[in-house]
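Here the structure comes first, spelled out in structure tokens, and everything after it is commentary.
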Amino acid sequence: MEVLRLENVSKKYGELLAVKDLNFSVEEGELFVILGPSGAGKTTTLKMISGIEEVTKGEIYIKGKLVNRLEPKDRKVSMVFEDYALYPHLSVYKNISSPLEAQGLTQEEIEKKVFEIARLLQIDGLLSRPPALISGGQKQRVVLARALVKDADVYLMDEPIAHLDAKLRHQMRGEFKRFQYIQKMTMVYVTHDFREALSLGNRILVLNKGITQQIGTPDEIFNKPANTFVASLVGEPPMNLLEGVIKKKDENYLFQINNTFIPLSSSLANKIVSKISQEKVILGIRPFDLHCVLGRRENVKVPEVEVYVTELVGHYNIVSVKLGNTLLKIREDKSFKVSIGEKVSIDFEEDKLHFFDGVSGNRIS
Amino acid sequence: MEKLVLRNVYKFYELGSVEAVKDLNLTCKEGELLALLGPSGCGKSSTLRMIAGLEEITKGEIYLDGKIINWLPPRERNIALAFETYALYPHLTLFENIAFPLRIRGVKEDEIKREVMRVAEMLDLSSVLDKLPSEVSGGHQQRTSLARALIRPASLYLLDEPLSHLDAQQRTELRVQIKRIQKTQNLTMIFVTHDQLEALALADRIAIMNLGVLQQVGTPEEVYEYPENLFVADFVGEPPMNFIKVILIRENGNYWAKFYNQRIKIPESYKKSLEELYKGEETEVIMGIRPIYVNICEPERNNAISGKVYVFENIGDSNILTVEIGETLIRVELNPGYSFKIGENVNITFNPEKILLFDPKTEKRIKPQI
């Protein structure tokens, strides 16, 4: 069942168009993620759903009912903001339970709910303290608890774990996913962190400068990015994007990047060429789809290139080389040892390549 | 050759207060990129500021190129600095900001121009040199601050969180540039960071600090694979290392770690160290294993430990599976391509060569002895 629907929603602040023609719907029990860099319009969208911001154009429906004109308190939404506010004179327990008391639950029911959510968020040891005596990360979790404990049709989450340190964020991400899955809450979750988006989302909307770039499952976003913006937003290191042209030399096709040539099969090259309006093409490949071997090799895609820099990142060695003027990153196992200036050869499977239009940046499928 | 030596260095901000830095002994070799890594309040920035001369050393000595520099004012130390807050002159163009250290040294105009162009080229600033700081992005400002530090020859370059204000993409780009410049020009560099990935990616060696105390100095490989103690093991690596409390079992002179109904054989090389630690049947140790060294397997497999899927996360370039075994949660890092449902049965094994053991009392790693 559909719980939330946005139809052609736009938001203007004076002349500035913050969000343009947004269209999406969220099913009951779905965790819908809005992913984008700062200034994308993510928070503005949440605020319009909650009613804190007016909609300039378009309609918002919650459970089939148009809510454009409804006050925030009449919408049955629960929202968590990035910048938190707690009642300083109340204990952590009271801060969490206050929305429940307004709902007229019994003390027993309230207690059960508060303890359950506090355990999940690992603040059950702090319930008797005042907010002044807990850390920033703990405060953020209290705010989150207060929003999650409330009964609502849609939960709106604005970067709820962004301020936590890396370790705790990692842990909370998993806990959050499990909690939402078990409780089957309907959620719109805003983040700039692609890992959070991929991990948590049933579907993801990628937003940039107020404009929808793609809506899809995590698998679609990662494996079939709709354009170069999406391709470079997800993955660490992100997808390599190389600008060039497809050339035919004798009977062989080549992808030319400045003075570097990469062979392409004629079947693939023909397919791409038939779909482009002009010469320039962007070739994309993920760092873990590239393989590198020490020294020169024949019959590989790039027989010889100099190592520009290497970085050991945890379990992986990220090797950078220069193709044309672009750095190409290759993710190798950390047992692959190589130094700056050494020669390596690079190979990949052709089916791992992505192609994008050189002008629009849109995916060529 | 040793470039910088810190000998028994202390810093207190007030008499009798907690030491911000406590008995620090550290050296940085010529041509080395050394990272000072730790959480906020660990003393890494105080250390950097003492080296720079921006803060007094309470006790101990700092030597640069073999000479004690404790009492030298900052400008006489031949040290170049780049700070987290860019501190650029707002009324000067990026060109003039970068040129500043050369101008005050009376370098000739044509040489200034040549040098600014050279560093700007390295840091991709050539196209924005005529702009004011307010007209460019944070990324450009941070690059400019770095260019200003790199433009003059110095014995030592100090970088304080040089990548902190950048978005993820700019950060990985600039990281590559810094490493490339440092290596190709053979500069001696110390940088401060709280980001363990940054330290692993950039540094030749990493000095990890906590609460003013040096925890370990080692290559990225050493701190990742052989952390000296629980703090380092927990601080370095993402997803974080799994820590499991286990009971030691001793039989016929061999040791096993008991974890629920499973016994995990501990390699022979630990025998000697465990002899010293073993206090009878209830002896506890902490087993540490990185998620990448845990694998899923068939239930029939020898040493298989069975559990239930707690949560499964596909984050694109890797899959993270959290398995619930009794009260313990264990993270497994897998290559992309898996799929699991919450509650599903699953079996895991540990790569026995990658198991680390820690003494729960001292929190130090128990080392094998040959």
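The values are calculated or read from the model by the stated rules, or taken from the named source; none is laboratory data. All values reported here derive from a predicted model rather than from experimental measurement. Please note: Cβ atoms are built from the backbone with ideal geometry, for glycine as well, and neighbour counts cover all protein chains shown. Just so you know, the surface numbers come from the protein's heavy atoms only, side chains and all, with ligands and any DNA or RNA stripped out. Shrake-Rupley method; radii C 1.70, N 1.55, O 1.52, S 1.80 Å.
Considering region B:115-127 alone, what residues qualify as being surrounded by 10 or more Cβ atoms within 10 Å (Cβ to Cβ) and assigned to a helix (DSSP H, G or I)?
First, pick out the residues of region B:115-127 that are surrounded by 10 or more Cβ atoms within 10 Å (Cβ to Cβ): B:115-126.
The answer is B:Glu115, B:Val116, B:Met117, B:Arg118, B:Val119, B:Ala120, B:Glu121, B:Met122, B:Ser126.
Looking at region A:246-267, can you tell me whether even one residue there is surrounded by fewer than 19 Cβ atoms within 10 Å (Cβ to Cβ) and within 29 Å of the chain's Cα centre (by Cα)?
No, region A:246-267 has no match at all.
Can you tell me which residue in region B:312-370 is most open to solvent (accessible area, probe 1.4 Å), limited to those that are over 29 Å from the mean Cα position of the chain (by Cα) and among the polar types (S, T, N, Q)?
Residue satisfying both the conditions and the ranking: B:Asn345.
Would you check which residues across region A:150-185 are more than 14 Å from chain B (Cβ to nearest Cβ) and either open to solvent by 10 Å² or more (accessible area, probe 1.4 Å) or of a type in the set (Gly, Ala, Ser) (or both) and list them?
First pass over region A:150-185, keeping only residues more than 14 Å from chain B (Cβ to nearest Cβ): A:150-160, A:185.
Those that are more than 14 Å from chain B (Cβ to nearest Cβ) and either open to solvent by 10 Å² or more (accessible area, probe 1.4 Å) or of a type in the set (Gly, Ala, Ser) (or both): A:Lys150, A:Asp151, A:Ala152, A:Asp153, A:Tyr155, A:Glu159, A:Met185.
In region A:153-194, how many are in contact with a Lys or Arg (Cβ under 7 Å, 6 or more places away or on another chain) and part of a strand (DSSP E or B)? Reasoning before the result, please.
Our first condition is that a residue be in contact with a Lys or Arg (Cβ under 7 Å, 6 or more places away or on another chain); within region A:153-194, this holds for A:153, A:161, A:190.
Now restrict to residues that are part of a strand (DSSP E or B): A:190.
The qualifying residues number 1.
Being modelled with pLDDT of 90 or more and either small (Gly, Ala, Ser) or assigned by TED's automatic domain parsing to the domain that holds A:Leu6 (or both) is true for just one of A:Ala166, A:Ala102, A:Ala145, A:Ala85. Which residue is that?
One residue alone meets the criteria, A:Ala145.
Results for (1) over 17 Å from A:Phe255 (Cβ atoms); (2) not charged (D, E, K, R), shown as yes or no for each residue.
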{"residue": "A:Lys301", "(1), (2)": "no, no"}
{"residue": "A:Val313", "(1), (2)": "yes, yes"}
{"residue": "A:Asn317", "(1), (2)": "yes, yes"}
{"residue": "A:Lys329", "(1), (2)": "yes, no"}
{"residue": "A:Lys334", "(1), (2)": "yes, no"}
{"residue": "A:Ser339", "(1), (2)": "yes, yes"}
{"residue": "A:Asp347", "(1), (2)": "no, no"}
{"residue": "A:Asp357", "(1), (2)": "no, no"}
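Take the residues in region A:284-309 that are facing chain B (nearest Cβ under 9 Å) and out of contact with any Asp or Glu (no Cβ under 9 Å at 6 or more places or on another chain); name whichever of them is least open to solvent (accessible area, probe 1.4 Å).
So the first thing to find is which residues in region A:284-309 are facing chain B (nearest Cβ under 9 Å), and the list is A:286-288, A:308-309.
Now drop any that are not out of contact with any Asp or Glu (no Cβ under 9 Å at 6 or more places or on another chain), which leaves A:308-309.
On the way: A:Tyr308: 32, A:Val309: 0 Å².
Only one residue fits best here, namely A:Val309.
Could you tell me which residue of region A:333-356 is farthest from B:Asp124 (Cα to Cα), considering only residues that are within 13 Å of chain B (Cβ to nearest Cβ) and acidic (Asp, Glu)?
A:Asp333
Go through region B:40-53 and give me each residue that's open to solvent by less than 40 Å² (accessible area, probe 1.4 Å) and either of a type in the set (D, E, K, R) or closer than 23 Å to B:Ala233 by Cα (or both). Give the steps one after another, and end with the answer.
If we filter region B:40-53 for residues that are open to solvent by less than 40 Å² (accessible area, probe 1.4 Å), which is where we start, we get B:42-44, B:46-48, B:50-53.
Correct list: B:Cys42, B:Gly43, B:Lys44, B:Thr47.
Of the residues that sit in region B:180-207 and are of a type in the set (D, E, K, R) and under 8 Å from the mean Cα position of the chain (by Cα), which one is most open to solvent (accessible area, probe 1.4 Å)? Even if it seems obvious, please write down each step before you answer.
Going residue by residue through region B:180-207, those that are of a type in the set (D, E, K, R) are B:180, B:183, B:195, B:198, B:204-205.
Adding the requirement that they be under 8 Å from the mean Cα position of the chain (by Cα) leaves B:195, B:198.
On the way: B:Asp195: 44, B:Glu198: 10 Å².
Here the answer is B:Asp195.
Out of the residues in region B:249-268 meeting the condition of being open to solvent by 90 Å² or more (accessible area, probe 1.4 Å) and touching a residue at least 12 places away in the same chain (Cβ under 8 Å), tell me which one is farthest from B:Gly288 (Cα to Cα). Working first, answer last.
Going residue by residue through region B:249-268, those that are open to solvent by 90 Å² or more (accessible area, probe 1.4 Å) are B:250, B:252, B:258, B:260-261, B:268.
With touching a residue at least 12 places away in the same chain (Cβ under 8 Å) added as a condition, the list becomes B:250, B:258, B:260, B:268.
Numbers: B:Arg250: 19, B:Lys258: 14, B:Tyr260: 16, B:Glu268: 18 Å.
Per the criteria, the residue is B:Arg250.
Give, as residue ranges, the helices (runs of 4 or more DSSP H) completely inside region B:161-245 that count at least 1 residues that are over 23 Å from A:Arg169 (Cα atoms).
B:168-184, B:196-202, B:220-225
Any chance region B:166-174 includes a residue that's more than 14 Å from chain A (Cβ to nearest Cβ) and open to solvent by less than 20 Å² (accessible area, probe 1.4 Å)? Please lay out each step first, then the result.
Initial filter on region B:166-174 (more than 14 Å from chain A (Cβ to nearest Cβ)): none.
No, region B:166-174 has no match at all.
Could you tell me how many of the residues in region B:48-64 are under 9 Å from B:Leu6 (Cα atoms) and of a type in the set (Gly, Ala, Ser)?
The number of residues fulfilling the criteria is 1.
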